[in-house]
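The values are calculated or read from the model by the stated rules, or taken from the named source; none is laboratory data. Source: prediction; values computed, not measured. As a convention, Cβ positions derive from the backbone with ideal geometry for all residues, glycine included, and neighbour counts pool all protein chains shown. In case anyone asks, the SASA skips ligands and DNA or RNA and just uses the protein heavy atoms, side chains included. Shrake-Rupley method; radii C 1.70, N 1.55, O 1.52, S 1.80 Å.
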Amino acid sequence: MTDLPKWTISHIGLFVNDMAKMREFYTRLLGFKVMDEGELRPGGPRLTFLSKDPKDHHQIVLVDGREKGVRSTVNQITFRVASIREERKMHEHVVANKVDGGDPVDHGNAWSVYFMDPEGNRLEFFCDTPWYVRQPHRVALNFSLSDREIRESTRRRLAGDPTTRPFGKWREQKRRELGLAKRRSRR
C-alpha cells in the first residue's frame, strides 16, 4: 500500500428539507454558530455553514435538497465531551428540551447519550472510559447513579470480560499495529 498523507476528519454535510428548523436545532440546542450562508448559485440549493470554533470555517454544513419523507441515511454523528460529568449535563439538556430519542448507553469503552435531530439524524455525545472492551458492547447507562458509582459499575461489569484491558494499553498496541509507535530520539 502506498503511503497516504496524514489527514483528519474535518466536517460533515447534511441534506435537509427544513433549513430553518435544522438551523435552529443546531444553533439553539447545541450551540453552533452560523459562520456563512447563501445559495450555491442563483435559485440553487441554500447552504448554512455552522461551527463552534473559528479555526474551522464549518464543522457542519446544512444543504437544502432532501425530499420530505425521505429517511435519513446517517447512522450517527458523534461528538466527544471531556468527562462523565459533561455527559450527564448533555443528557440533562436533552431531557429538559424534550429531544426525541434520548438514550444513555454504557459501551464499556465509552459512556454515550444518543438522540435525534429534527430530521431523524442520530447524534451521539460520548466520553471515553478508562477501559477497552471488545465491541459491540451495550447496556443502559443509569444517570441516577453518581459519576463515581457509574465508573465503579462499569469497572465491575467489565472485570469478568476477558477482552477488557486499560484503554492506554489497547491504544499503544493499535499504534504499533498501525506503524504509529512513538519513535525514540537518538542522542
Helix axis angle, 167-177 relative to the chain longest principal axis, alpha carbon, degrees: 80 degrees
Packing rank of 63-73, 114-124, 91-101, 47-57, where each peptide gets the mean count of other beta carbons within 10 Å, highest leading: 114-124, 47-57, 91-101, 63-73
Positive minus negative residues near Lys68 (Lys, Arg vs Asp, Glu; Cβ under 10 Å): -2
Cα-centre dipole for the chain with unit charges at Cβ (Lys and Arg positive, Asp and Glu negative), debye to 20: 1280 debye
Phe15 - accessible surface, heavy atoms, 1.4 Å probe, Å² rounded to 10: 130 Å²
Charge tally in the Cβ shell below 15 Å around Phe32, where Lys, Arg are +1 and Asp, Glu are -1, Phe32 excluded: 0
Crossing angle, helix 84-96 versus the chain [Cα axis fit, 0-90 degrees, rounded to tens]: 40 degrees
Between helix 147-159 and the chain: long-axis angle, C-alpha atoms, 0 to 90°, nearest 10: 60 degrees
Percent accessible area from carbon and sulfur atoms, the range 53-97, protein chains only, probe 1.4 Å: 52 percent
Label selected from (i) 19.8, 64; (ii) 19.0, 72; (iii) 15.9, 51, the criterion being Rg and Dmax of the Cα atoms in Å as computed here: (i)
Contact order normalised by residue count of the chain, Cα under 8 Å, 6+ apart, percent: 16 percent
Relative contact order (%) - criterion: Cα under 8 Å, at least six apart; region: the range 94-187: 23 percent
DSSP-defined antiparallel bridges as percent of all bridges, the chain, nearest 5: 75 percent
For the chain, with +1 on Lys and Arg beta carbons and -1 on Asp and Glu, the positive-most of Phe167, Tyr114, Thr154 along the dipole: Phe167
Solvent exposure of the chain as accessible area per residue, Å², 1.4 Å probe: 68 Å²
